[in-house]
Every structure is written in structure tokens, then in C-alpha cells.
Amino acid sequence: MQENVFDTLKNRGYIAQITHEDEVRSLLASSRATFYIGFDPTADSLHVGHFIQMMVMAHLQRAGHRPIVLLGGGTGMVGDPSGRSDLRQVLHTDTIQNNVNRFREQMKILLDFSHDKAIMLDNAEWLLPLNYISFLRDIGSQFSVNRMLTAECFRQRLEKGLSFLEFNYMLMQAYDFLVLYQRYGCTLQLGGDDQWSNILAGVDLIRRKEQANAYGMTFQLLTTHTGTKMGKTAGGAVWLDPQKTSPFEFYQYWRNIDDADVIKCLKLLTFVPLDEINTYAELADEKINEAKKRLAIEVTRIVHGEAAAEDAYRQAKDLFEGKGRSEQMPTTELTSSDLADGIPLLDLLLKIGMIPSKGEGRRLIQQKGLTVNGRVVEDLNHRVTQADFEDSEAIIRKGKKTFYRLLLSSQMDGSN
């Protein structure tokens, strides 16, 4: 007998809170339930914090249920106060639309949108044309301000100031659920645990307006064993966009997570069967690295594809288990004429994307965190010349984990 996907989610550790456990378990045992998760387009790429939500949708779709991916072209203009201690930046409409378009493509990493197996919508479709007075009379009348102020997403903001703009967010998200119930028969809203108050508001609005049952379920946020949010590096978020976080950097992030987090991440971020994961859980000390390698290649394969995952794996193996060189390493080719007067190292690092700013580059050099072919760079004004190359190759290393290869071209540069 096939396992109820509800039990799959529970056994893998996704579920945090649920409005009606027995009813949701029964709903997910049915042939096809429609559910939704909302994503506000606050950046031009999804990041690993969104990845748990995408995995939940994938598990449910594989079990025969229909996801609705709701992109917040409307709610993104307001900003969700949940989990925030400050006011979100209000984005320009063109920026929001660009971000929505980027999200559309990234959602296809895990979800199949063919033949009505999944739906992708933008809540700008029904939120932007709303008549404010009509909305207040029809929807706002269903909410108690006193009750709203007890919600965690508002309580933590009251001391520093909660704008009326943000105060509307809960009504808008609840209205989304009502619209999706009316148009698509959607009876289940999912989200991160910071969305619990907003989800409850939607469940209650459907009960009041439609005299119907709807349900909500939240899942664990992606955190380390110490409770801090996972997915942050010195360079910022770990993005799903390969232009913002390269497949190698992505692979290395998972390869280097804390020993205490690897089993949890295997359960939440991969489709590796639980019996295999339990075998990895028995490993200790150096052997736990095998579990980390499995995690890194599986997550990278899902997000970036088989070829990119294999390249990242081989590059890491060459760099950290071999001689510090790899054919998969990001590479730039220079000619002797390029190096005739030398290239300022900081300019070069900025151009190839190894540093976000020259200030960061100077800090790295001062902390002896930059090497060229194994030699520590100490001169802030160092210029890259042919003397930095060995066998027409120069390997730049930033910190312990970031490498870049420069190749000296053998071409004649067109000179006589």
C-alpha cells in the first residue's frame, strides 16, 4: 500500500503546524487535492529558503495533487511583515514584474506544469483592480482588529512601528485564499511557519464567506541545529540562479554544512529514501563526509542539473582531494599583451567576480586570505604579470574554498 504523502511529509520532518490534522490527512489520501503556496517577488531569484516549499510541492505533486504557485505581484507591492523587525523596501512595479518572471522559470526546476498538473498565477490579477471601499466592506468587515493584533507577525512589529500598509497584508493574503477556493477549488494553503497567522486568517475567511472548510499547514523553516537561518554566506544568500550563486559555490555550501545538520537537510532537500538517510545517520567523524557529498550532489542535481552537479563534484574532488587544480574550475584566458604592463589584481578580481568590491579585496589581502599559485598576496597594489604564471596557469584562491584559474594563451596576439 502506498504511503499517504501526509505521512511522507511528517516522517521527513517538514510539518510544523496544522489546522486540522485528521482532515488534512484524509484530504491528501484522496485522488487529487488542490493546494497553494505564495511567493512574494522580493528579489530576482529564489533562494534556498524557498527550496523547502518547492520540495513540499514536488512531494505533493508526485502523489497526484495539484499545486498552485501564487506569485505575489500584488502583495509584493505591500510587503509581508511576518518575520521582520523592519519595514520591507517598497519595490517599483517594473522590478516586481521582472522578479515574477524570474520566479516563473525557476519554479519549473521541480514542478511539472503540463496538462494542468500545476498552475502558476499572479495575485496582481485580482488585487490590483480591487475597489478599496468594496474590499473594506466585503472583506475588511470579516476581520477583528483586536484579534489581528494578537498575531505574532504583528505583535513583534508594534514596538518599532507597524505601517497601515503592512497591516493590510493579512487581509490580502486571506483574500488570495478565498479567490483560489472560489476559482480553483483550492482547500489547502501551505507555507513556512512564519506564515501561520496569515494562513489562519484565510481559513477563517473562507469559513465566514463560503460556509466551507479550508485548511492550513506550515512547515519548518530551513535552520541550523542552533536555530539560525540556513542559506547565508559571507557573500549573501545562497541563490538558485547560477548567475548569482554558481553551481560550484552551491555544491560547496552543502558540502561544508555542519555535521549536525546534514541528516536533516538530506530529509528536507532531497528525495533520497529515508532508509538510506538512516544509514548515513549512523556515520560519525570523517565518515559523515560521505553524507555531505551525497547531500551536495543531490541538491545541486535538482537545482542545476546532472552535468553541473557532476562538474561541481569533480572540481571539488580535484581541488580538495587532489593537487588544487581542476578542469571544471571557472577560467579566464589572458594573452601576453594583456599582461604587458601588468593588471592590477583588485581590478582583475572585480572583473571576474571573485570580489564584490575593491574594499573587500583589500580586506582579504590584509587578512592574508588571497593567494596566487599558493603564494600569499601581501601587496595591496599587486599587479598580475607573467611571473605569476606556472606552466601558463595561475590559480587564485580566496579564503579556503573559492578558486579561479587564469590561463596564459599561447597565441601570438597579432604582433610581429
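The values are calculated or read from the model by the stated rules, or taken from the named source; none is laboratory data. Just so it is clear, the model here is predicted, and its values are computed rather than measured. Here the Cβ positions follow ideal geometry from the backbone for every residue, glycine too, while neighbour counts run over all protein chains shown.
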task: Can you tell me which residue within region 1-21, out of those that are in a loop (DSSP other than H, G, I, E, B) and surrounded by fewer than 17 Cβ atoms within 10 Å (Cβ to Cβ), is nearest to the chain's Cα centre (by Cα)?
output: 13
- request: Return the only residue of 380, 339 being in contact (Cβ under 8 Å) with a residue 40 or more places away in the chain and in contact with a helix residue (DSSP H, G or I) (Cβ under 7 Å, 6 or more places away or on another chain).
  value: 339
- prompt: Filter region 82-102 for residues that are assigned to a loop (DSSP other than H, G, I, E, B) and closer than 17 Å to residue 123 by Cβ; which is modelled with the lowest pLDDT?
  reply: 88
- request: Would you tally the residues in region 290-316 being without any contact (Cβ under 8 Å) to a residue 12 or more places away in the chain and closer than 15 Å to residue 54 by Cα?
  value: 1
task: Count, please, the residues in region 389-405 that happen to be more than 34 Å from the chain's Cα centre (by Cα) and at pLDDT below 80.
output: 4
query: Residues of region 124-142 being closer than 18 Å to residue 167 by Cα and either not in a helix (DSSP H, G or I) or not aliphatic (A, V, I, L, M) (or both), which ones?
result: 128, 130, 131, 132, 134, 135, 137, 138, 139, 140, 141, 142
- line: residue 328 vs (1) under 16 Å from residue 394 (Cβ atoms); (2) modelled with pLDDT under 85; (3) surrounded by 18 or more Cβ atoms within 10 Å (Cβ to Cβ): all pass except (1)
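Check region 29-36 and report whether any residue there is in a strand (DSSP E or B) and within 19 Å of the chain's Cα centre (by Cα). Steps first, please.
Restricting attention to region 29-36, the residues satisfying the condition of being in a strand (DSSP E or B) are 34-36.
Those still in the list that are within 19 Å of the chain's Cα centre (by Cα) too: 36.
Yes: one or more hits.
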- prompt: Could you list, in sequence order, the residues of region 173-188 that are touching a residue at least 60 places away in the same chain (Cβ under 8 Å), assigned to a helix (DSSP H, G or I) and crowded, with 23+ Cβ neighbours inside 10 Å?
  reply: 173, 176, 177, 180
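Within region 357-367, which residues are surrounded by 13 or more Cβ atoms within 10 Å (Cβ to Cβ) and not aliphatic (A, V, I, L, M)? Show your work before the answer.
Kept after step one, since they are surrounded by 13 or more Cβ atoms within 10 Å (Cβ to Cβ), are these residues of region 357-367: 358, 360-365.
Scanning region 357-367 gives 358, 360, 361, 362, 363.
Between 370, 349, 408, which is touching a Phe, Trp or Tyr at 6+ places or on another chain (Cβ under 9 Å), at pLDDT 85 or above and surrounded by 18 or more Cβ atoms within 10 Å (Cβ to Cβ)? Write out each step before concluding.
Working: 370 fails: touching a Phe, Trp or Tyr at 6+ places or on another chain (Cβ under 9 Å); 408 fails: at pLDDT 85 or above.
Only one candidate passes the filter, namely 349.
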task: Might you let me know whether region 300-319 holds any residue that is part of a helix (DSSP H, G or I) and of a type in the set (Ser, Thr, Tyr)?
output: yes
field: Odd one out for residue 227 among (1) free of Cβ contacts under 8 Å to residues at least 24 places away in the same chain; (2) touching a His at 6+ places or on another chain (Cβ under 9 Å)
entry: (2)
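Mind listing whichever residues of region 377-388 are of a type in the set (A, V, I, L, M, F, W, C) and either in a helix (DSSP H, G or I) or at pLDDT below 85 (or both)?
To start, the set of residues in region 377-388 that are of a type in the set (A, V, I, L, M, F, W, C) comprises 377, 380, 384, 387.
Scanning region 377-388 gives a single hit, 387.
Only one residue in 224, 218, 228 is β-branched (Val, Ile, Thr) and touching a Phe, Trp or Tyr at 6+ places or on another chain (Cβ under 7 Å). Which one? Give the steps one after another, and end with the answer.
Details: 224 fails: touching a Phe, Trp or Tyr at 6+ places or on another chain (Cβ under 7 Å); 228 fails: touching a Phe, Trp or Tyr at 6+ places or on another chain (Cβ under 7 Å).
Answer to the check: 218.
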query: So, of the residues in region 263-277 that are part of a helix (DSSP H, G or I) and more than 17 Å from the chain's Cα centre (by Cα), which turns out to be surrounded by the fewest Cβ atoms within 10 Å (Cβ to Cβ)?
result: 275
- prompt: Which of the following residues is modelled with pLDDT of 95 or more, buried (at least 18 other Cβ atoms within 10 Å of the Cβ) and under 19 Å from the mean Cα position of the chain (by Cα): 56, 48, 24?
  reply: 56
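Can residue 191 be described as without any contact (Cβ under 8 Å) to a residue 40 or more places away in the chain, crowded, with 22+ Cβ neighbours inside 10 Å and under 27 Å from the mean Cα position of the chain (by Cα)? Show your work before the answer.
Working: without any contact (Cβ under 8 Å) to a residue 40 or more places away in the chain: no; crowded, with 22+ Cβ neighbours inside 10 Å: yes; under 27 Å from the mean Cα position of the chain (by Cα): yes.
For residue 191, the condition - without any contact (Cβ under 8 Å) to a residue 40 or more places away in the chain, crowded, with 22+ Cβ neighbours inside 10 Å and under 27 Å from the mean Cα position of the chain (by Cα) - is not met.
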